[in-house]
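Everything below concerns the one structure shown next.
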Amino acid sequence: MTKTSPAYILIFMIILCTVFGTAISSVYYATLDMLKKNEKLHKNRIICQAFKLPVSGVSADAFQKAIDDNISYDQITYQGRPWDTFKQKDTGSIGFIFSGTGFWDRITGIMVLSPDLLKCMAIQFLDQKETPGLGARIEEEWFTDQFKGVPIAWDQPADKRIIIGPSPIPNAKNRVDAITGATQTSLALMKFLNSELESFRAARKEWQEKKIFEVPSPSWE
């Protein structure tokens, strides 16, 4: 078998792919535990930032303790979809994980609302892959700070609960500025964020009603 024969080239490529594929898989599985820990640390850091929790240190345990001490967690299901929800013990603020399609890819974050769901208290992003310097600026403080105290206009059409960019209503209080040069990311965020707000409110209402009418199981001594 010569080195230029199709059979030799095919066998060589198979061996090469096997060797490198095995090496890549080995590295992936060797670091899988570390990746999961880093992902959890990132999520906990964002939750603490959204709820403005006091954190005594920068370790993973410090962030976890801040959450355990100040936040209660529930996962509620609505129309087959699970919702990760958080409640701040002292203020009663409600947070939920939202997700939707941006201009390029999935955007995931956490929004914190007042106990009555009438105001947005904070918004932070867990993951996004928008264009650096443009759509990716949704993570910048100047943008997320705009959402603090913004009212949720439940009396407006479902796609106008929060407005990102120009508003047909002069001086609308439920409006924040869009990102210059990233109109499509801003519009996509507004579209799915309003949809998530609508679904979350319905999910929480259904969950609360179930809790009210839930009959506790008898306890037998």
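Within region 114-168, the set of residues being of a type in the set (Lys, Arg) and under 16 Å from Ala188 (Cβ atoms) comprises Lys129, Arg137, Lys160, Arg161. Any residue at all in region 98-115 that is open to solvent by 20 Å² or more (accessible area, probe 1.4 Å), in a loop (DSSP other than H, G, I, E, B) and modelled with pLDDT of 95 or more? Looking through region 98-115, at least one residue is open to solvent by 20 Å² or more (accessible area, probe 1.4 Å), in a loop (DSSP other than H, G, I, E, B) and modelled with pLDDT of 95 or more. Residue pairs whose Cβ atoms lie under 6 Å apart, sitting 6 or more positions apart in sequence or on different chains, and linking a residue in region 55-70 that is more than 12 Å from Arg45 (Cβ to Cβ) and among the small types (Gly, Ala, Ser) to a partner that is open to solvent by less than 50 Å² (accessible area, probe 1.4 Å) and not in a loop (DSSP other than H, G, I, E, B), are Ser56/Ala62. For region 104-142, a tally of residues being of a type in the set (A, V, I, L, M, F, W, C), under 16 Å from the mean Cα position of the chain (by Cα) and within 19 Å of Val176 (Cα to Cα) returns 12. Counting only residues that are open to solvent by less than 60 Å² (accessible area, probe 1.4 Å), free of Cβ contacts under 8 Å to residues at least 60 places away in the same chain and outside any loop (DSSP other than H, G, I, E, B), region 116-154 holds 11 of them. Just so you know, in region 78-94 the residues that are touching a residue at least 40 places away in the same chain (Cβ under 8 Å) and touching a helix residue (DSSP H, G or I) at 6+ places or on another chain (Cβ under 6 Å) include one that is least open to solvent (accessible area, probe 1.4 Å), and it is Trp83.
The single condition among (1) at positive phi; (2) in a helix (DSSP H, G or I) that Asn171 does not satisfy is (2). If you go through region 84-103 and keep only what is within 16 Å of Arg201 (Cβ to Cβ) and among the aromatic types (Phe, Trp, Tyr), you end up with Phe86, Phe96, Phe98. Take Asp177 and tell me if it is over 21 Å from Ile46 (Cβ atoms) and in contact with a Gly (Cβ under 9 Å, 6 or more places away or on another chain). Yes. When the residues of region 155-168 are filtered to those that are surrounded by 15 or more Cβ atoms within 10 Å (Cβ to Cβ) and either in a loop (DSSP other than H, G, I, E, B) or on the phi > 0 side of the Ramachandran plot (or both), the one that is farthest from the chain's Cα centre (by Cα) is Gln156.
The values are calculated or read from the model by the stated rules, or taken from the named source; none is laboratory data. Model, not experiment: these values are computed from the prediction. Note that each Cβ is placed from the backbone with ideal geometry, even for glycine, and that neighbours are counted across all protein chains shown. SASA here: full protein model, heavy atoms, side chains in, ligands and nucleic acids out. Shrake-Rupley method; radii C 1.70, N 1.55, O 1.52, S 1.80 Å.
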